[in-house]
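Novice: Here it is: the structure, laid out below.
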Amino acid sequence: MVSAIVLAGGYATRLRPLSLTKPKALLPILDKPLLDYILDSLEIAGINEVYLSLRVMADKILSHIEGENRKVIPVIEKERLGDAGPLKLISQRYNLSDDVLVIYGDIYNELDIKSLLRFHEKEGCDATIVGKPVEDPRRYGVLITEGERLVQIIEKPKNPVSNLINAGIYVFKKKILEKIDGQSIAKNFLPKLLSDNTCIAVYKYDGLWMDIGVPSDYIRINLQLLSLKYPKGYINEEAKVSEKVNLIPPYYISSGVNISEDSFIFNSIIGKNTSIGNGVYIDQSILMEDVKVDSFSYIRDSILGDKDNLGKWVRLDSVILGDEVVIYDGVFVNRDTIILPYKEVNESVYDKGKIIL
């Protein structure tokens, strides 16, 4: 038997404004919350004992898992414990299995968990860490290995000597969780294990993997998956799309969406119950749920949060909108602008890189 701990309690400050009103684990990837992908993968692997470590906006995650009837055990942190602290807390409070799978709630991956667990058992180490080769490892913890063993982990090196990074997925023997001293798995716990000569195996995974750390990561993984999963496009049977809409694959149009004639949709994801008027142009963008876009607006390379409302002739170019933003008719918003939730914008933003509070 294996227990699993999903770490989903962080602030996700680098994802603001998206994470100001929604925990990172609930941000949709192809119209499905990231957390659901993780919980589905655990279910497929036959792991039935799942602990969900929560803190920031825990109520929203609790509401979601209750609505989805997920059989998980939520553990709410009373104070900030980092990513290592929850492991010690849960191991002391509950009777975990001998092997404990740990996975971050802000990472999209398609790892075969059964294969990982077989590797962990075969190697016979007290810990296994998943390593992922990437093109630019400087943003991550870089793994230095000898064969299948971890010998060093270097956080965010300027000149990395390896392209194998910490993928944020671990298997630990329950007995070593009592050694946790500090708040960070990578900075405190793993170095301590290495200094104690603990055997740490490295499982190399070369499949789809993305840390949803910043908005550019978030839009990239969505559009990457869109082209992989729906190269010919997808329209939900409960969507209403005019026959005069120009649809160029790939695209994803969710349930309850209404798109009027002469609009143009390319390489974009349109979330549930969104309404799009006549002659709207949308390219390389994500529109979340209940968005309203009036006629002849232009949206490119942008992310729109839930319940955003755009008037006629609005132009957005590489813009991120928080939830429930209202933009009035004829407003232009220039590149790299961030607009925080609940803001009304009635004048054009001509400067690049503005943050509208």
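The values are calculated or read from the model by the stated rules, or taken from the named source; none is laboratory data. On a predicted model such as this, the values are computed, not experimentally measured, just so you know. So basically every Cβ, Gly included, is an ideal-geometry build from the backbone, and we count neighbours across all protein chains shown. Remember, those area values only see protein heavy atoms, side chains included, never the ligands or the DNA or RNA. Shrake-Rupley method; radii C 1.70, N 1.55, O 1.52, S 1.80 Å.
Novice: Quick one: what are the phi-derived ³J(HN,Hα) couplings along segment 310-325, Karplus 6.51/-1.76/1.60 with θ = phi - 60°, whole Hz, x for glycine and proline?
Specialist: Karplus values, whole Hz, x for Gly and Pro: 9, x, 6, 6, 7, 10, 10, 10, 6, 10, 10, 10, x, 5, 6, 8.
Novice: Where in segment 62-109 are there chymotrypsin sites (Phe, Trp or Tyr not before Pro) that are in a DSSP coil and have at most 16 other Cβ atoms within 10 angstrom of their Cβ? Show your work: numbers first, answer last.
Specialist: Working: sites: 94, 104, 108; in loops: 94.
Answer by residue number: 94.
Novice: Using heavy-atom solvent-accessible surface (probe 1.4 Å) with all chains present, what is the largest-first order of 119, 296? Present the calculation step by step, with values, prior to reporting the outcome.
Specialist: Numbers: 119 30, 296 95 Å².
Output order, biggest surface exposure first: 296, 119.
Novice: Hey, another quick one. Which net charge results for the neighbourhood of residue 99, defined as the other residues with beta-carbon distances under 14 angstrom from its beta-carbon, given Lys and Arg at +1 and Asp and Glu at -1? Kindly include the intermediate steps, with their values, before the conclusion.
Specialist: Numbers: positive: 114, 118, 122, 173, 174, 175; negative: 49, 98, 121, 123, 126.
Summing Lys/Arg as +1 and Asp/Glu as -1 gives +1.
Novice: Would you mind classifying segment 72-112 by shape? Square roots of the alpha carbon gyration tensor eigenvalues, ordered a ≥ b ≥ c; an a/c under 1.5 is rounded, otherwise it is prolate if a/b is larger than b/c and oblate if not.
Specialist: On the way: a/c = 2.11, a/b = 1.29, b/c = 1.64.
Cα axes put segment 72-112 in the oblate bin.
Novice: Match the structure shown to one of the listed values (1) 31, 23, 21; (2) 40, 20, 19; (3) 51, 19, 16 of semi-axes √(5λ) of the Cα gyration tensor in Å, computed from it, and give that label.
Specialist: (2)
Novice: Relative contact order for segment 240-333 using alpha-carbon pairs under 8 Å, separation at least 6, rounded to a whole percent?
Specialist: Working: 305 pairs, mean separation 16.8, N = 94.
Worked out over segment 240-333, it gives 18 percent.
Novice: Counting only heavy atoms of the protein chains, get the accessible area per residue of the chain (1.4 Å probe) and round it to a whole Å² value.
Specialist: It amounts to 46 Å² per residue over the chain.
Novice: Could you tell me how many degrees, from 0 to 90 and to the nearest 10, lie between the Cα long axis of helix 34-44 and the main elongation axis, the longest principal axis, of the Cα atoms of the chain?
Specialist: The answer is roughly 50 degrees.
Novice: May I ask you to give the average projected area over all directions of the convex hull of the Cα atoms of segment 189-334, in nm² rounded to one decimal? Each step should come with its number before you reach the end.
Specialist: On the way: hull surface 44.1 nm².
With every direction weighted equally, the projected area is 11.0 nm².
Novice: For segment 121-168 and segment 31-108, compute the distance between their C-alpha centroids and round to whole Å.
Specialist: 24 Å
Novice: With the Cα gyration tensor of segment 241-322 giving a ≥ b ≥ c as the square roots of its eigenvalues, does the rule (a/c under 1.5 for rounded; else a/b larger than b/c for prolate; else oblate) give rounded, prolate or oblate? List each step's numbers first, then the result.
Specialist: Values: a/c = 1.25, a/b = 1.19, b/c = 1.05.
Rounded.
Novice: In addition: Using a 1.4 Å probe on the protein heavy atoms, what percent of the accessible area of segment 150-213 belongs to carbon and sulfur?
Specialist: Values: 1310 of 3000 Å².
C and S atoms contribute 44 percent here.
Novice: Now, a different point. Whole-Hz Karplus ³J(HN,Hα) for segment 61-75, in order, using 6.51 cos²θ - 1.76 cosθ + 1.60 and θ = phi - 60°, x for Gly and Pro?
Specialist: Residue by residue, segment 61-75 yields 5, 4, 4, 5, 5, 5, x, 8, 6, 7, 8, 10, 10, x, 10 Hz.
Novice: Considering the chain as a Gaussian network with a 10 Å cut-off on Cα pairs, which listed residue, 277, 182, 305, attains the greatest mean-square fluctuation?
Specialist: Highest fluctuation of the listed residues: 182.
Novice: Convert each backbone phi in segment 288-296 into a coupling constant with the Karplus relation 6.51 cos²θ - 1.76 cosθ + 1.60 (shift: θ = phi - 60°), then list the ³J(HN,Hα) values in order as whole Hz, x for Gly and Pro.
Specialist: Whole-Hz 3J(HN,Hα) from phi for segment 288-296: 7, 7, 6, 7, 10, 10, 7, 4, 6.
Novice: Moving on. Using a probe of 1.4 angstrom, how much of the accessible area of segment 1-140 is carbon and sulfur, in percent? List each step's numbers first, then the result.
Specialist: Details: 2860 of 6250 Å².
Roughly 46 percent of what the probe reaches on segment 1-140 is carbon or sulfur.
Novice: Does segment 1-88 come out rounded, prolate or oblate, given a ≥ b ≥ c as the square roots of the eigenvalues of its C-alpha gyration tensor, rounded meaning a/c under 1.5 and, failing that, prolate meaning a/b above b/c? Display every interim value, and only then the final one.
Specialist: Numbers: a/c = 1.79, a/b = 1.18, b/c = 1.52.
Here segment 1-88 falls in the oblate category.
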